[in-house]
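What follows is a set of notes on a single structure, which appears directly below.
The values are calculated or read from the model by the stated rules, or taken from the named source; none is laboratory data. These numbers come from a predicted model, not from an experiment. Neighbour counts are summed over all protein chains in view; Cβ atoms, including those assigned to glycine, are modelled from backbone coordinates with ideal geometry. Please note that ligands, DNA and RNA were not included when accessible areas were found on the heavy atoms of the full protein model with its side chains. Shrake-Rupley method; radii C 1.70, N 1.55, O 1.52, S 1.80 Å.
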Amino acid sequence: MIAPHRRHALALSLLALACAATTAQAAETADLLIRHAAVIDVSNGKTRANQTIAVKGARILAIVDDAKAKRFEAARSINAQGKYAIPALWDMHVHFGGGDKLIEENKNLLPLYVAHGIAAVRDAAGDLSPSVFAWREAINNGSLDGPTIFTSGPKLEGYKSIWPGDIEVGSHAEISKALDQLQGWRVDFVKITDNTLSPELFMDALKQAHARGLRVSAHVPFALTIDEVSAAGLSSIEHIEYAYKAGSPQEAQIGAMVRRGEIDSKEGWNRIQSSFDETTARAAYKRLARRGTAVTPTLNGSFVTTYLDRNDHRGDDYLKYIGPGLQATYAWRVERAAKDDAAAIERRHQRYERNAAILPLLQQSGVTVLAGTDAGFLNSFNYPGVGLHDEMQRFVESGLTPLQTLQAATINGARFLGQEKLHGTLAAGKAADILLLDADPLRDISATRRIDTFVLRGEVHDREALDGMLEEVRKRVAAQKAE
């Protein structure tokens, strides 16, 4: 017979074992736990301290107070004490190009984006579309490391466009055939520009693409008003200067004069600038917001070339990551800027400052602002990877808050591309694309440069691994320069 006190002890032991078994059965299995992080909700700017982010596969399993972290079991844990967690960044305007000889140099750019916390890029056309399509597929199936690529494929232009790689169209039927091709390639949006495409064909292309349910981004012909292209279904205006002209009450009249050949576009811009009116601009931007027309300002590329008189960038350390062929494509903008006299330099300074000054007006009017760099080939010293952090700095300098800037580089891009169910914020069920920063980006946007760890599709890249990516690119570029 078991003594009463021993029966009691045995019962307690059995109860403890049962509780332990229940706890073990209830434990959720994760692949990764990020412990003690300060998680920033970019949709509202709120920060939740001491959180655990549980990751399973390529998705976030849960985000809970760290006191509840014991409900998870994971093979790996990261102590994120003192770190700030934000969703990974999206660069919404990049370019791959420069000709087939530069395919490998362009491919070298992919790890630069990852090394700077960028999970996705939107390729806004170039002359390497077959390669870009192949990279997009390889990244999606996991056979190539790099940011997720969303691409327009070749853009639509008129005959004898100065830009290589375009699909040149000159009729309604040719536009329809081009759109068939683009849809066959499963492009993520359509890009239309204004080099040689007539205003009539521009509007035809825009309307045909919109009727097919395609997103359309564009450079807007001077002869067309921003209002009419927005009303026709334009999804995004690429480069802030095009949005600027909507602030002139004389926009339509000045555009008509340029179209008739009474003045050239340079004089047209002078008249737009001299007649700009903030009240007119706010009203126009509110109409853009109601129709859902976004703006990708691409300030940093303009900033660099505008102020080449102050910084010629020839000594930039980052050039060690840019192949010699791509660096050579920078020359034409540099040479063009070098021809400017003191008066021309002052005019370009003023033009940049006027353009940048409308960024807060766009934001206040409810326009979706997309952070994109215009980085890649041709755009001098506007570097893939770090350029997005430079772009965000330009946003804050121009009057946006750090939160608004973070939104432009995260949730806004995901929404624009219809990817917000999986991307753009940190929440259970969403993609495990997570940046851990050493400082609070809501206080100082430069904190986005201080990346401790980047979790991309659930895979952990610590600081050492990110630095390793940069070093590998440096070695490849050094080898290319030695050839």
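Taken over segment 389-413, the criterion of being in contact with a Ser or Thr (Cβ under 9 Å, 6 or more places away or on another chain), of a type in the set (Val, Ile, Thr) and open to solvent by 40 Å² or more (accessible area, probe 1.4 Å) is satisfied by Val396 alone. Can you say whether Asp188 is under 28 Å from Val369 (Cβ atoms), at pLDDT below 95 and assigned to a loop (DSSP other than H, G, I, E, B), as far as the supplied structure shows? Taking the combined requirement at face value, the residue does not satisfy it. The set of residues from segment 231-246 being part of a loop (DSSP other than H, G, I, E, B) and either open to solvent by 10 Å² or more (accessible area, probe 1.4 Å) or at pLDDT below 95 (or both) comprises Ala232, Gly233, Ser235, His239.
Quick one: Ala294 ticks every box in (1) closer than 17 Å to Gly387 by Cβ; (2) in contact with a strand residue (DSSP E or B) (Cβ under 7 Å, 6 or more places away or on another chain) except a single one, so which number is it? Status for Ala294: all satisfied but (1). Taken together, the residues in segment 196-229 that are in contact (Cβ under 8 Å) with a residue 40 or more places away in the chain, outside any loop (DSSP other than H, G, I, E, B), more than 18 Å from Gln253 (Cα to Cα) and not aliphatic (A, V, I, L, M) amount to 1. Do you know which residues across segment 144-167 are modelled with pLDDT of 95 or more, under 23 Å from Lys101 (Cα atoms) and open to solvent by 80 Å² or more (accessible area, probe 1.4 Å)? Asp145, the sole residue that qualifies. Screening Lys266 against (1) closer than 27 Å to His95 by Cβ; (2) under 24 Å from the mean Cα position of the chain (by Cα); (3) among the basic types (Lys, Arg) leaves a single unmet condition, (2).
Picking from residues in segment 248-289 that are without any contact (Cβ under 8 Å) to a residue 24 or more places away in the chain and of a type in the set (Lys, Arg), the one that is farthest from Ala357 (Cα to Cα) is Arg260.
The sole residue among Asp440, Asp444 that is over 21 Å from Gln51 (Cα atoms) and at pLDDT 95 or above is Asp444. Condition first: more than 19 Å from the chain's Cα centre (by Cα), under 30 Å from Glu105 (Cβ atoms) and of a type in the set (Asp, Glu). Can you find one or more residues in segment 366-387 that meet it? No, because not a single residue in segment 366-387 is more than 19 Å from the chain's Cα centre (by Cα), under 30 Å from Glu105 (Cβ atoms) and of a type in the set (Asp, Glu). Assess whether Glu105 counts as being of a type in the set (Asp, Glu), at pLDDT 95 or above and open to solvent by less than 80 Å² (accessible area, probe 1.4 Å). Answer is yes for this residue.
Among residues of segment 413-442 that are of a type in the set (Phe, Trp, Tyr), those with a Cβ under 8 angstrom from a residue that is open to solvent by less than 30 Å² (accessible area, probe 1.4 Å), sequence gap 6+ or separate chain, pair up as Phe416/Met92; Phe416/Ser235; Phe416/Ser236; Phe416/Ala294; Phe416/Leu370.
In segment 321-340, how many residues are part of a helix (DSSP H, G or I) and either touching a Pro at 6+ places or on another chain (Cβ under 8 Å) or open to solvent by less than 70 Å² (accessible area, probe 1.4 Å) (or both)? Counting residues in segment 321-340 that are part of a helix (DSSP H, G or I) and either touching a Pro at 6+ places or on another chain (Cβ under 8 Å) or open to solvent by less than 70 Å² (accessible area, probe 1.4 Å) (or both) gives 11. Under 6 Å between Cβ atoms, which residue pairs at least 6 apart in sequence (or on different chains) link something in segment 295-323 that is closer than 27 Å to Arg122 by Cβ with a partner that is assigned to a loop (DSSP other than H, G, I, E, B) and among the hydrophobic types (A, V, I, L, M, F, W, C)? Listed pairs, sorted by first residue: Val295/Val367; Thr296/Leu370; Val304/Phe381; His313/Phe381. Within segment 305-320, if we keep just the residues that are touching a helix residue (DSSP H, G or I) at 6+ places or on another chain (Cβ under 8 Å) and within 25 Å of Arg476 (Cβ to Cβ), the residue that is most open to solvent (accessible area, probe 1.4 Å) turns out to be Lys320. Of all the listed residues (Asn50, Asn44), the sole one being modelled with pLDDT of 95 or more, open to solvent by 60 Å² or more (accessible area, probe 1.4 Å) and under 24 Å from the mean Cα position of the chain (by Cα) is Asn44. Residue count for segment 59-96, restricted to those that are farther than 17 Å from Glu459 by Cβ and either assigned to a strand (DSSP E or B) or of a type in the set (A, V, I, L, M) (or both): 16.
Would a scan of segment 341-359 turn up a residue that is farther than 17 Å from His239 by Cβ, in contact (Cβ under 8 Å) with a residue 24 or more places away in the chain and not in a helix (DSSP H, G or I)? No: segment 341-359 contains no residue that is farther than 17 Å from His239 by Cβ, in contact (Cβ under 8 Å) with a residue 24 or more places away in the chain and not in a helix (DSSP H, G or I). For segment 324-340, the set of residues classified as among the aliphatic types (A, V, I, L, M) and in contact (Cβ under 8 Å) with a residue 60 or more places away in the chain consists of Leu326 only. Residues in segment 427-483 that are over 23 Å from Ala371 (Cβ atoms), touching a strand residue (DSSP E or B) at 6+ places or on another chain (Cβ under 8 Å) and surrounded by fewer than 17 Cβ atoms within 10 Å (Cβ to Cβ): how many? The total comes to 4.
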